[in-house]
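Chemist: After the structure tokens below, expect a handful of questions from me.
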Amino acid sequence: MKTPGKPPRAGAKAAARGPLSPERIEAAALELIEEHGLETFSTRRLGERLGCEAMSIYHHFPSKAHLLNALLDRVIALQPRPAKDMDPVERIRALGYCYRQIGLDHPKLFQYVALHRMNTRTALAFLNEAVEAFGNLGLDAETTARLFRAYSYYVTGATLDETSGYAKGPSATDPVPDAEVARDFPFVAAVGPYFKPEHFERTFAAGLDIFIDAIRRAVRKPGRKTAGGR
């Protein structure tokens with residue numbers, strides 16, 4: 001019989017919530033990261049959230065790194081993809097929005113996703129799908145690589161900026177007052193309102209349009225090389 005007033009053991013809490021499973025661990029880890037950030041995430045804190053000892057988590061994931069890899073795969077696998085029979089250029093546009101949505105849905109974890117090499121099987125499948133969209137344009141490997149990398153720089157950088165970048169970064173200890181900015185830095189003052197979150201969607205679309213236009217020009221360029229030298 002349980003002693004009155006004595007808190008239940010961690011194992012008892014875990015049993016009350018259901019058996020531990022990879023799915024349950026991943027869901028709790030994502031929740032914890034989005035609440036408190038990657039910097040403070042640990043298996044100890046995750047164990048507290050799950051009502052179990054940290055060592056119990058290691059029965060499912062050998063290390064914290066393995067768990068983070070699983071979270072990478074999870075958010076990529078669950079993100080809907082554009083149809084493969086779309087117009088190739090429009091598919092490239094859609095994949096840009098697809099990747100950005102991972103960041104919007106999981107802004108704290110995205111700091112890890114954006115810098116992680118796409119070298120798990122799930123991530124490689126996603127990467128292969130994106131490169132395939134460029135390859136379907138009939139460009140040679142070098143042109144495909146350069147266009148894809150430039151496009152990736154934009155989509156990744158824009159998403160990082162929107163979710164955890166400039167607006168949320170450090171500020172001067174004594175920032176210049178708005179009245180002085182308007183007087184002494186009029187160009188900065190004029191564009192400032194459009195840097196706010198309510199303009200992110202239109203700004204992202206405008207930047208992506210620039211890349212899409214460049215891709216269309218590359219495809220139509222007279223005398224361009226194609227994958228088979230045609």
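The values are calculated or read from the model by the stated rules, or taken from the named source; none is laboratory data. Everything numeric here is computed off the predicted structure, so don't read it as measured data. Reconstructed Cβ throughout: ideal geometry from the backbone, glycine too, with neighbour counts over all protein chains shown. Just so you know, the surface numbers come from the protein's heavy atoms only, side chains and all, with ligands and any DNA or RNA stripped out. Shrake-Rupley method; radii C 1.70, N 1.55, O 1.52, S 1.80 Å.
Chemist: Which condition number in (1) among the basic types (K, R); (2) at pLDDT 95 or above; (3) more than 21 Å from the chain's Cα centre (by Cα); (4) within 28 Å of E201 (Cβ to Cβ) is the one that R93 fails?
Modeler: R93 satisfies every listed condition except (3).
Chemist: Kindly list the number of the only condition in (1) at pLDDT below 95; (2) part of a helix (DSSP H, G or I); (3) open to solvent by 50 Å² or more (accessible area, probe 1.4 Å) that fails for H66.
Modeler: With (1) at pLDDT below 95; (2) part of a helix (DSSP H, G or I); (3) open to solvent by 50 Å² or more (accessible area, probe 1.4 Å) applied to H66, the lone miss is (1).
Chemist: Something else: Filter region 145-169 for residues that are modelled with pLDDT under 90 and over 17 Å from the mean Cα position of the chain (by Cα); which is surrounded by the most Cβ atoms within 10 Å (Cβ to Cβ)?
Modeler: Applying the filter and picking the extreme gives A167.
Chemist: Any residue at all in region 106-122 that's in a helix (DSSP H, G or I) and more than 11 Å from the chain's Cα centre (by Cα)?
Modeler: Checked region 106-122: at least one residue is in a helix (DSSP H, G or I) and more than 11 Å from the chain's Cα centre (by Cα).
Chemist: Sticking with this structure for a sec: Of the residues E26, E90, E39, E129, only one is open to solvent by 50 Å² or more (accessible area, probe 1.4 Å) and not in a loop (DSSP other than H, G, I, E, B); which?
Modeler: E90
Chemist: Something else: Is it the case that region 180-192 has a residue that's touching a residue at least 24 places away in the same chain (Cβ under 8 Å), more than 19 Å from Q101 (Cα to Cα), hydrophobic (A, V, I, L, M, F, W, C) and surrounded by 14 or more Cβ atoms within 10 Å (Cβ to Cβ)?
Modeler: no
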